[in-house]
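Down below is the structure, laid out as structure tokens.
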Amino acid sequence: MLGQSPEVARKRKPYRPSSGCVLLYVGVDKTWEDATTHQFFLPPSLEGSLQEVFNQRRIPAKSSFYVFNPVALDETAAPQGQSVLYFLIPVPDAEGVDWDQESEALAERILEEAEQRGFPGLRAAIKWKKVRTPADAERDGLYGGGSFGIAPVLFQSGVYRPQPKPFPNIKGLYAAGASVHPGGGVPIVMQSARMAVNQLMKEMGT
């Protein structure tokens, strides 16, 4: 791009990643009779929280989050009298946030809020905890640390997405997945796999 140094041009990602997630896993020496299997906790302003994630690209001051509590459905999911909890917290992708610095504070804030709003005594009963950030996701190969492939903005949707044969000059290379046309979500990703197979069969003459 005009006016950019070669170093900046090389670092610029060709696509914008989707939003990311902080995933929080905890083992707890406690159960809750009133807690259901799936619970969603919304902030005072969901729109404001989403604006912070998608437009301002920062961790929201008040986050929404989801909690999965499997022992409410299957008591064998944890040792007797214990629970395992999974938290999903919407956040920006890996870029622009110091995740090594921010993740623990976010996890503590979410645990405190969960304790106040539905899991009394949670923090004192925690036996182990693991936090996974968009930076971890990026290191494991998720594009830009986004949890859902490339972002579904206008010029990354539909025909603007990579196609089942993204590089026509490379023989035998095909693509399928959340970042490929037509888009993300399990049924749509299956459709992208079908399109890749159809392209392959067409070229094989079958």
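Which condition number in (1) in contact (Cβ under 8 Å) with a residue 24 or more places away in the chain; (2) not polar (S, T, N, Q); (3) not in a loop (DSSP other than H, G, I, E, B) is the one that residue 164 fails?
(3)
Results for (1) over 20 Å from residue 66 (Cα atoms); (2) modelled with pLDDT of 90 or more; (3) part of a loop (DSSP other than H, G, I, E, B), shown as yes or no for each residue.
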residue	(1), (2), (3)
116	no, yes, no
120	no, yes, yes
124	yes, yes, no
127	yes, yes, no
137	no, yes, no
173	yes, yes, yes
196	yes, yes, no
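Pull up the range 79-114, narrow it to residues that are among the polar types (S, T, N, Q) and open to solvent by 70 Å² or more (accessible area, probe 1.4 Å), then point me to the one that is modelled with the highest pLDDT.
Step by step, filter the range 79-114, then rank; the result is 80.
Conditions (1) in contact (Cβ under 8 Å) with a residue 24 or more places away in the chain; (2) touching a Ser or Thr at 6+ places or on another chain (Cβ under 7 Å); (3) among the charged types (D, E, K, R), marked per residue:
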site: 147; (1), (2), (3): yes, yes, no
site: 151; (1), (2), (3): yes, yes, no
site: 157; (1), (2), (3): yes, no, no
site: 179; (1), (2), (3): yes, no, no
site: 197; (1), (2), (3): no, no, no
site: 201; (1), (2), (3): no, no, no
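Answer yes or no as to whether residue 61 is aliphatic (A, V, I, L, M) and either surrounded by 14 or more Cβ atoms within 10 Å (Cβ to Cβ) or touching a strand residue (DSSP E or B) at 6+ places or on another chain (Cβ under 9 Å) (or both).
no
The values are calculated or read from the model by the stated rules, or taken from the named source; none is laboratory data. Here the structure is a predicted model, which means the values were calculated and not measured. Every residue, glycine as well, gets a Cβ built from its backbone with ideal geometry; the counts of neighbours run over all protein chains shown. Just the protein is used for accessible areas: all its heavy atoms, side chains included, with ligands, DNA and RNA removed. Shrake-Rupley method; radii C 1.70, N 1.55, O 1.52, S 1.80 Å.
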